[in-house]
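Taking it in order: structure first as C-alpha cells, then the write-up.
The values are calculated or read from the model by the stated rules, or taken from the named source; none is laboratory data. Computed from a predicted model, the values in this text were never measured in an experiment. Here the Cβ positions follow ideal geometry from the backbone for every residue, glycine too, while neighbour counts run over all protein chains shown.
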Amino acid sequence: MAKARSITGLDPQAPTGENARLIASVRLDEMYAWEPYVDDPCSIQELHNLRIATKRLRYTLEVFEDVLPEACVPIAVEVSQIQEELGAIHDSDVVIALLRLCLVEQGNAIYNGHIGSTGTTHQQPWMEEHSLVRPALAAILLDQAVIPTFEERQGLQSLLLKQQRLREQQFATFHTHWNRLQERDFRQEVLDNLHIPASSPVEVKGL
C-alpha cells in the first residue's frame, strides 16, 4: 500500500483552515500521482494505491469540512464516489484471485503460483508484486486435500467468468467518471476552491 507523504512547513499559529487547505492540496497531489495508470485495467496494485490516495483526500476534506470553503463539499462527494468505484474494483480483484487459487490443480502452474511436490506454494513474481491473498489463506486454498471436484470446478469457473465481467463493468464505470472529471479540469477546480496560493510554504517528503 502506498504510504502517505509526510508534510512539513505547516504553521501552528496559522488558522486551521489555512493548514487544512495545504494538507488537502498535498493529498490531491498524491491522488494524481497515480493518474498514469487509470487507463490500464491490469494495473491492479496501482489502482489500489489510487484508491488509498483518494481515500486520504476524501477524509481530509471531510475532517476539515467546517474550516474549508463550502465549495469543497461537492468536491468531497466526487472524491468519495471515485473511492467507492475503485473499492468495487479492488473487491472484484480479491474475489478473482481467490477463485483462481481455488481452481489450481496439483502440478499445474496457474497465475499466482503452483503446488510443488511437497504441497507447498512457490510464489511467482506476479504474486509477489500483486499479492491480493494472504499467505495463510492461500495455503488453505492450495491444500491438496481440498482440491475441488470436477463439478465444483465447473461452478467456480462459471463464477470466475461472471466476476471478471463484473470487474470489466466496474472499471468502465470508474474510467468514465474519471475522464468526465478531467474534462472539466477537476484538479485545478479543487485547487481553486481550496484557494491555494501560487507559492505556499508547505513541503512534502516522498511517498
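Could you tell me whether S117 is at pLDDT 95 or above and out of contact with any strand residue (DSSP E or B) (no Cβ under 7 Å at 6 or more places or on another chain)?
On the way: at pLDDT 95 or above: no; out of contact with any strand residue (DSSP E or B) (no Cβ under 7 Å at 6 or more places or on another chain): yes.
Criteria not met by S117.
Restricting the search to the range 70-88, which residues are closer than 11 Å to V190 by Cα and surrounded by fewer than 15 Cβ atoms within 10 Å (Cβ to Cβ)?
Selection gives A71, V73, P74.
Can you name every residue in the range 174-192 that is aromatic (F, W, Y) and over 14 Å from M31 (Cα atoms)?
The answer is F174, and nothing else.
Restricting the search to the range 27-68, which residues are under 14 Å from R187 (Cα atoms), surrounded by fewer than 21 Cβ atoms within 10 Å (Cβ to Cβ) and touching a residue at least 40 places away in the same chain (Cβ under 8 Å)?
D29, Y32, A33
Which fully enclosed helices (runs of 4 or more DSSP H) of the range 1-110 have 1 or more residues being out of contact with any strand residue (DSSP E or B) (no Cβ under 7 Å at 6 or more places or on another chain) and within 30 Å of Q154 (Cα to Cα)? Before the answer, list the steps.
Working: elements: 16-32, 44-63, 72-102.
In the range 1-110, 44-63, 72-102 are the helices (runs of 4 or more DSSP H) which contain 1 or more residues that are out of contact with any strand residue (DSSP E or B) (no Cβ under 7 Å at 6 or more places or on another chain) and within 30 Å of Q154 (Cα to Cα).
Please find, among A14, A33, A4, A76, the residue that is at pLDDT below 95 and touching a helix residue (DSSP H, G or I) at 6+ places or on another chain (Cβ under 8 Å).
Numbers: A14 fails: touching a helix residue (DSSP H, G or I) at 6+ places or on another chain (Cβ under 8 Å); A33 fails: at pLDDT below 95; A76 fails: at pLDDT below 95.
Just one listed residue meets the conditions, A4.
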